[in-house]
Every structure is written in C-alpha cells, then in structure tokens.
1. If the Cβ limit is 9 Å and pairs must be 6+ apart or interchain, which residue in the range 71-90 that is without any contact (Cβ under 8 Å) to a residue 12 or more places away in the chain pairs with which residue that is exposed (fewer than 11 other Cβ atoms within 10 Å of the Cβ)?
2. When you scan the range 35-53, how many residues do you find that are surrounded by 10 or more Cβ atoms within 10 Å (Cβ to Cβ) and over 23 Å from Gly71 (Cβ atoms)?
3. Pick from Ile67, Ile75: which is over 12 Å from the mean Cα position of the chain (by Cα), part of a helix (DSSP H, G or I), modelled with pLDDT of 75 or more and aliphatic (A, V, I, L, M)?
4. Of the residues that sit in the range 11-30 and are open to solvent by less than 70 Å² (accessible area, probe 1.4 Å) and hydrophobic (A, V, I, L, M, F, W, C), which one is farthest from the chain's Cα centre (by Cα)?
Amino acid sequence: MVNLKDYAPFTGLLIFGNIENLILASQGAVAHVNPYILGGLSIIAVIAWLLIGTYGTKVAIKYADYIEILGGIAIVILGIQSMLEAFGIL
C-alpha cells in the first residue's frame, strides 16, 4: 500500500518536473521532431521516473532535502536554457 505522506517532501519536484516536461516537449515541437517519437520517448521517461520514484522513495527519503535542491537547480537551468534557445541566444 502506498502512503502519500512518503511523497510529500518531493511535491515541489513533482510539480516543477511536470512543467519542465512540458517545456522540453514544446522545444521538440518547435524543432519539428516527429511527434510520435517525441510522445513515445516522453512516455518512456515518465514511466521510468514513476518506477524510480515509487521504488526509490524509501531509500532516498533521508536525502529528500538534497534531492529537492538539486532537482530544483536542474529545473531552473533547463528552463533558462530553453528560454535562451527560444530567443536565439544559444
């Protein structure tokens, strides 16, 4: 039985990770990537993260603060990169 309280420390990453997934998908659409390939890869990534999150939570719960900080930094960096690419700076 899954206890949702175990996932509470990772709520921020869940929310902002989904936003980042939308940003990356829009980058793929702008780059004219085949939508079927993009969709398939996105589904594979989501399933992989679901499995990692489901089975890794019990192991990683003691490192939740560090994981959230590193995940937040990664999301911000990818967001800045996508904005710079959208403006043609990169």
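1. Gln81/Leu90; Met83/Ile89; Leu84/Leu90
2. Qualifying residue count, the range 35-53: 4.
3. After applying the criteria, what remains is Ile67.
4. This residue is Ala29.
The values are calculated or read from the model by the stated rules, or taken from the named source; none is laboratory data. Note that the coordinates shown come from a computational prediction; the quantities given were computed from them, not determined experimentally. Every residue, glycine as well, gets a Cβ built from its backbone with ideal geometry; the counts of neighbours run over all protein chains shown. Surface areas here come from the heavy atoms of the whole protein model, side chains and all, with no ligands, DNA or RNA. Shrake-Rupley method; radii C 1.70, N 1.55, O 1.52, S 1.80 Å.
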